[in-house]
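Since the structure comes first, as C-alpha cells, the remarks are kept for the end.
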Amino acid sequence: MEFRETFLSALRTLGSHKMRSALTMLGIIIGAGSLVAVMSLIAGLNQSVTAQFQSVGTDIISVSHFPWVQMGDSDEYRNRKSITIHDSDAIASLPSIGLVAPNIHTRRGLSYGGESMRRVRVSGTTPEYETIDNYSVESGRFITQFDVERRRQVVVIGSDVSEKLFGLRDPIAKEMRIGGKIFLVIGILEEKGDIFGESLDEHVIIPFTAFKKAFGSRRSVVVDCQPADGVTMTRAIDDIRALMRIRRQVPRDKPDDFAINTQEDLTASYKQLTGVLYFAMTGIVALALLVGGIGVMNVMLVSVAERTREIGVRKAIGARRRDVTFQFLIESVILTVLGGALGIGGGAGIGVLVRVATPLPAATTPGSVGLAVAFSLITGIVFGVYPALRAGRLNPIQALSYE
Amino acid sequence: MLIQLEGVTKIYEVGTEKVNALGGVSLSIEKNEYLAIMGPSGSGKSTLMNVIGCLDTPTSGSYRLKDQEVGDLDDDELAEIRSAEIGFVFQTFNLLPRMTAFQNVELPLIYSKAHRRTRAERVWSVMDAVGLRERALHRPNELSGGQRQRVAIARALINNPSIILADEPTGNLDSGTGEEIMQVFEGLHRAGNTIILVTHEEYIAEHANRIIRLHDGLISSDERAARGASPTRPVGSAERT
Ligand SMILES: Nc1ncnc2c1ncn2[C@@H]1O[C@H](COP(=O)(O)OP(=O)(O)OP(=O)(O)O)[C@@H](O)[C@H]1O
Ligand SMILES: [Mg+2]
C-alpha cells in the first residue's frame, strides 16, 4: 500500500476523533514542550553567564563576607563578622599575593543638573581595582593612589550613567551628586554590558577613603586580589585561607566563616545549576513521554478493537499483515509527531516569552527541536508497534465476524 | 479447472469440543460458473466460502485454485491471492464508513499496488458497471442498502478477480432491491465472471445455474439447473460429492 494513501487514511481516522487525538497528544506535547523550553532557558543562561565570566576575569580571588553563590543557611551568613581594611592589608602583605584592591559597595541616588538616577551601585576602592576587576577607562582617568590618600571626592562613571545624566555633554570635570554629596567626574568607563538584566554600566567608582567618609565605614570589605607572579591560584588561596582563619580565630574543627570566590567557583556552581536543570528536564521529558506513550498505546489498542471489523474487511480485500500494521503505526506516529510539533511550538513560545519578559536571553536551539522531533517519533514507534502488530495479526474471519 | 476441492475438512476447536464445520467436501468449479450454495443454518456454507475465498485454510484435504495448492500458503501469500483472484460481497456490505463510495471501491487497487493514475479510470468504469457513477462521492451512510451493496460489488470487481464470492448478498435487502442486486450478478455472469453465492432463498438460488446443498458440512446434492436464461455451459466436468 502506498505511503500517501496510508498517510491520508490515517489523517482521516485521527480527524474523526479530534478530541481523543488531542488528549492523547497531551503527554507528548508536554514532553516535547518542556524539552524545548528548558533547553532554551539553559541556552539563555549560558549566554548571560558567559558574559558574566568575561566581566569577572580569570585570575581574580575575591575574599568576602558572603560567597558569590549562596547555598543553605543564610542566618549563619548574617552573623558573620565583617571583613575589614586591616584584613585587606594583611592579605596584601602575603608574599604569594600580588595586586590587592579592597572594595565596598552601596546603592545611592545620582544627580546632575535636572537629571537623576535612583539606586545606582556605588563602589569605593583603590587603583588596583581597575586591573584586577577588568575595568577600562574610555576617557579621563581611573582613581589614583593620590585620590585615595587625599580622600578626594572624585568619581569614575559607567557608560550608562554618563548617558543618562549627561547626555551629549562631556561629563569630565563636571560636578555631580552621589547620595547628596558632591563628586568631581574624572573618568568614564568602557561599556561592560548586562548580567541577569542588571546593567554593569549603571555603576560609579570612587576612592575607598572618600566612600567611607561619605557613606560610613562599617560595611564589610571585599578584598579582590591576584596571585603574585609565578604563584598558582591554589597556593594563593591556601595562604589567604590560613591567614584569614587565624585572623578571625576560626577553630580547627569549624568551616570558614568567610568566602574565597574565584571564577572557577562560579563555573562550578553554574555547572551544578545546569546539571540540576538538565537532570530535572530529563526526568520531566522522560516521564511525559512515558505517560504520553502509554496513552498513545492505550488509544491505539482501543482503536484496533473498535476497528476490528474494518481490519477484517481490509484483509478480505487484499491487505497483507504489514499493510495493516503499517497503517496503525503511521497513525500513532502521526499522533506523537504532531504532539511533538505542537510541544515544540509551545516550548519555543515559552522561550520567546521569557526573553521578552525577563532578562534571560532564552533562545530555542535547533538541537532541542531535533531532539524533540526524534523523541516524539521514537515514542510513536515504540508505543505504537504493539497495537499495530496486533492489528496486523488479526485473523480476517474472526475480525469480520466481530460485533 | 478454476477451483478444485478434494476432501476438504474444517474443524473448529472450541475449548475441548471439536466442531466439524466441513466434513470432507470435494467440489470442482469451472470458470464462468454461477453457483449457489444452499443449506440450513450451521451447515458450513460460510465456512466453505471462507476456504474458497482464501480467508481460511482447510484443516485437511486439498484446495487448488488455478492449479495452485492454497493449503500451504502463509498469511501474506493468501492476502495476495485474495487481492488478485477474489472479490467478496458480504451480507452486511462491510463498506468503510469514513470513506466515500469511490474510495471504498478504490481500496483493493491500492492494496494490489495499481498505479494512481490508472486507478481512477478503473474505479469509474466499475462504478458505471453497477450504475452508481452519480453516487461515487457519497459516503455509505448517505446511500440506500441496495446502493451500498452495489458499491460493495463494484469493490469486489475492481481487481478483475477470477471469482466473485457473495455470502447472502441480499440477506439485508428487501426482495425488490434483492432482485435488483441479482440482476447485477446476472450481468456479471454474462460478462464472463465466475460467481459463487450463498443464499437461503430458493428464488435467489434460481438465478444460478448450479445449486449445491450442504448438510452438516457435507454436500448433499449438486444439481445443474436447466431452467432460467443461463448461458450454455460445458457439462461433464468432474464433480464429486
Ligand atoms: N470460528 C468458529 N469457531 C467455532 N465454530 C465455528 C466457527 N465458525 C463457525 N463455526 C461452526 O461451524 C459450523 C458451520 O458454520 P458456518 O458459519 O459455516 O454455517 P453457515 O452454513 O454459514 O450458517 P448460516 O446460514 O447461519 O450462516 C457451525 O456449527 C458453527 O457453529
Ligand atoms: Mg453463514
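The values are calculated or read from the model by the stated rules, or taken from the named source; none is laboratory data. Being a predicted model, the structure only gives us computed values, none of them experimental. Quick reminder, even Gly has a Cβ in these numbers, built from the backbone with ideal geometry, and neighbours come from all protein chains shown. In case anyone asks, the SASA skips ligands and DNA or RNA and just uses the protein heavy atoms, side chains included. Shrake-Rupley method; radii C 1.70, N 1.55, O 1.52, S 1.80 Å.
Annotations
- Tensor-based shape of region B:128-209 (alpha-carbon gyration tensor, a/c under 1.5 rounded, otherwise prolate or oblate): oblate
- Region B:1-24 versus region A:198-215: alpha-carbon centroid distance in Å: 101
- Note on chain A: dipole from Cβ charges, positive end direction compared against A:Gly124, A:Tyr77, A:Gly318; the farthest Cα belongs to A:Gly318.
- Under 14 Å, Cβ to Cβ, from A:Ser199 - net charge with Lys/Arg +1 and Asp/Glu -1: -2
- Using every pair of distinct Cα positions in the protein assembly as shown, the Kirkwood expression returns a hydrodynamic radius of 32.2 angstrom.
- Centre separation in Å (Cα based) which lies between region A:141-185 and region B:154-205: 103
- Surface composition of the protein assembly as shown: carbon and sulfur atoms hold 55% of the protein heavy-atom accessible area at a 1.4 Å probe.
- Long-range lysine pairs (8 or more apart or interchain), chain A, Cα under 25 Å: 12
- Dipole moment magnitude, nearest 20 debye, chain A about Cα centre, only Lys, Arg, Asp, Glu C-beta charged: 1280
- Kyte-Doolittle mean at least 0.5, axial Cα span of 24 Å or more - DSSP H helices of chain A: A:18-56, A:263-306, A:321-357, A:366-393
- Positive-end residue, chain B charge dipole about Cα centroid, Cβ charges, pick of B:Ile29, B:Gly39, B:Ser62: B:Ile29
- Built amide H within the under 5 Å cut-off of B:Val19, gap 5+: B:Tyr12, B:Glu13, B:Val14
- Gyration tensor (alpha-carbon) shape descriptor, region A:61-261, a/c threshold 1.5: prolate
- Summing Lys and Arg as +1 and Asp and Glu as -1 over all other residues whose Cβ lies under 13 Å from the Cβ of A:Thr232 gives a net charge of -4.
- Rounded if a/c under 1.5, otherwise prolate or oblate - region A:131-199, Cα gyration tensor axes: oblate
- For A:Leu400, net neighbour charge (Lys/Arg +1, Asp/Glu -1) across residues whose Cβ lies under 14 Å away: 0
- Counting Cβ atoms of other protein chains within 10 Å of each residue's Cβ and taking the mean over peptide B:102-110 gives 4.
- Here is how the number arises for the protein assembly as shown: DSSP H runs of 4 or more residues each give -39500 (n - 2.57), the sum is divided by the residue count, and the result at 222 nm is -15000 deg cm²/dmol.
- Convex hull volume of the Cα atoms of chain B, normalised per residue: 132 Å³.
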